[in-house]
Amino acid sequence: MNRIFLFALFCFIFIIRSHAQLTLEQCVEKAWANNLQLAQSSLNLDNAEIGVQNAMGGFLPNLNGQASHGYNWGQRIDPFTNSFASQRIQSNSFGVSSSIDLFTGGQNWSNYQRSVADVRKAQWDWENARNQTALAVANAFLTVVMNAEFVKMAQATADNSLQQLNRLNKLLGIGTVSEGNVAEMEAQYSADAASLVSAQNNYQLAKLNLVQLLRLSSSEANSFEVSYPNIDQFKLDIPLPPKSLVLESALNAQPSIKSAEVGVLSAHWAEKSAKGARYPRLSASMSLGTGYSGAAKVLNGSPDSLSFPIGTVMGSNDIVFSYPQLVYSADDYKVKSFGNQFQDNVNRSFFLSLTIPLFNGFQTHNNVKRAAINVQNASLSLELAKQQLTTDVETAYASALGAAQTLQANKKSWESNQKAYDWASTRYENGMINAMELSIARNRLDIAKAQMIRSQLDLIFKQNIIQFYMNQPIRLQP
C-alpha cells in the first residue's frame, strides 16, 4: 500500500509540474536561456575577452625553442670545427631565442586599451540583446493573455446564446414564442459559436508565437501554459513620470547608448594605434644555442715516434735523420662525445634592433586616414542611437498617454452599454423587444467589454515599456 501511495504521489507531482504555469518573468528567463542571438552575443563577449589577453601579450617577450638533426654529404665547411669535411657528417643543433618590443610608438598600449573597450562594448551589446528579448517575450506574453480573455468572453457569449436558445425552445413548446424567434436565436448562437472558434484559433496562434520565442521542445510546448495576471489588481490610474525624466534615464542607462559610446572610445584607440606606426620601433633579441658535429674529433690512442731522412753528410754520404716526431693515424682519433660538444659548443647572442619607417607604399598614411574615418563613423552611430532612442521614448510615452485616455473612454462605453443591455433585458423579458434586438444590445456590450480589456492590457504593457526605458525590468506583478 505504501508503494502504491508513493507511486500515485509521484505521478500527481509529475502531472502538476508538467503543466506548471509560467509567469512573464519565468518566460523571460527561459527565453534568455534559449535565445540564439543572445548566445551569439555571449560568444562575442568571450571573443572580446580573448582579445584583451592577446593585447596583453604584446607587452611580453616571446620565447621559441628549436632543434635539428641531419646529415651532410660532399665538400663543406663544418660550422662547429671550421674545417673541410667531405664524408657524410651527422649534425645536431639546439637553441632557444627570445625577443621583445621595447618601443612601438604606443601601439601596444593603444591596442590594449582598444581591446578593453571592445570587451565593454560586447558586454553592453549582450545587455541590449537581453533587453530586446525581454521586450519581444513581454509583447508575445500579453498577446496570449489578451487572446485568452477574448476566448473567455466568446465562451461566455456562446453560453449565454445557448441558454437563450434553450429557453426559447421551452417557450416554443408551450406556444409562448414563435418559430421565427427561435430561428433568430439559433442563427445568433451559430455566429457566437463561430466567434468562439475564431478566438480560440487566435489564442493558439499567439501561444505558438510565444512558444517559438522561448524555443521550447515539443514536450515542453504541449504542456506549456501561461500564468494569467489579475487585471483588476493593477493600478492603472497611476500618472506617468515626466517625459524628460524618462528620456534622461534612457539616454544615461540604456545598453544601446552605452555600446555606442564605448564604440567611439574603441575607434579613438584604434586611431592612436594607427598613428603609432609612424614612429621608430626598438626591439631586443636574445638567443642561446649549442650543437653537435660528427666531424669534431679528439685523440684516442698512442702516436708512433718516427724519424725521417732529411739529407746526407758530404764526404761520407751518411744519412741524416730528423728528430723523432709523433705521427698519428686515423685510428688514433674518435668523434668527440655528444655531451662534451653540447657543453663546448654553447653560443650566445644579444641584439638591439631599431626600425625606422621611411616609406611603405602609403599604407601607414592610409591606415591613419581610415582610423579617423572610423572615429567619425562611430560618433555618428552614437548620435543615431540617441536619435532613435529619443524617438522610441517619445513614441512610447505618447502611446502610454493615449492608452490611458483610450481606457477611460472604453470604460465609459462599457458602463453605458452595460446599462443599455440591462434595460434591453428587462424589456425583452416583458415582451417589448424581440430576441434580435436583445442580441444587438448584447453584442454592443461584448464589443465594449472586449475593447475595455484590450485597452487595459495595452496600458499595462505600455506602462511597462516606460519602466523599461527607466532601466527597470518588465514584470506583470501589480
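Considering the range 360-389 alone, what residues qualify as being closer than 24 Å to residue 100 by Cα and not in a helix (DSSP H, G or I)?
Matches in the range 360-389: 360 only.
Could you tell me whether any residue of the range 256-277 is in a helix (DSSP H, G or I) and either closer than 22 Å to residue 24 by Cβ or modelled with pLDDT under 90 (or both)?
No, that holds for no residue.
Please indicate, with yes or no, whether at least one residue in the range 410-422 is in contact with a Phe, Trp or Tyr (Cβ under 7 Å, 6 or more places away or on another chain) and in contact (Cβ under 8 Å) with a residue 24 or more places away in the chain.
No, the range 410-422 contains no residue that is in contact with a Phe, Trp or Tyr (Cβ under 7 Å, 6 or more places away or on another chain) and in contact (Cβ under 8 Å) with a residue 24 or more places away in the chain.
Please specify each residue of the range 202-234 satisfying the condition of being β-branched (Val, Ile, Thr) and under 29 Å from the mean Cα position of the chain (by Cα).
Of everything in the range 202-234, those that are β-branched (Val, Ile, Thr) and under 29 Å from the mean Cα position of the chain (by Cα) turn out to be 211, 226.
Suppose we filter the range 145-174 for residues that are more than 60 Å from the chain's Cα centre (by Cα) and touching a residue at least 12 places away in the same chain (Cβ under 8 Å); how many remain?
Here the count works out to 2.
With the condition kept exactly as written, say whether any residue in the range 8-26 is within 30 Å of residue 297 (Cβ to Cβ), modelled with pLDDT under 90 and either of a type in the set (Val, Ile, Thr) or surrounded by 13 or more Cβ atoms within 10 Å (Cβ to Cβ) (or both).
no
Only one of these is at pLDDT 90 or above and over 30 Å from residue 259 (Cα atoms): 58, 65, 70, 74. Name it.
Answer to the selection: 65.
Condition (residue is part of a helix (DSSP H, G or I) and either modelled with pLDDT of 95 or more or more than 30 Å from residue 363 (Cα to Cα) (or both)) applied to the range 284-294: is it met by at least one residue?
Looking through the range 284-294, none of the residues is part of a helix (DSSP H, G or I) and either modelled with pLDDT of 95 or more or more than 30 Å from residue 363 (Cα to Cα) (or both).
Scanning for something assigned to a helix (DSSP H, G or I), without any contact (Cβ under 8 Å) to a residue 40 or more places away in the chain and among the charged types (D, E, K, R), does the range 445-457 turn up at least one residue?
no
Any idea which of 216, 135 is closer than 25 Å to residue 39 by Cα, not in a helix (DSSP H, G or I) and not aromatic (Phe, Trp, Tyr)?
Residue meeting the stated conditions: 216.
The values are calculated or read from the model by the stated rules, or taken from the named source; none is laboratory data. Not measured: the values here are computed from a predicted model. Glycine gets a Cβ as well: all are built from the backbone with ideal geometry, and neighbour counts include every protein chain shown.
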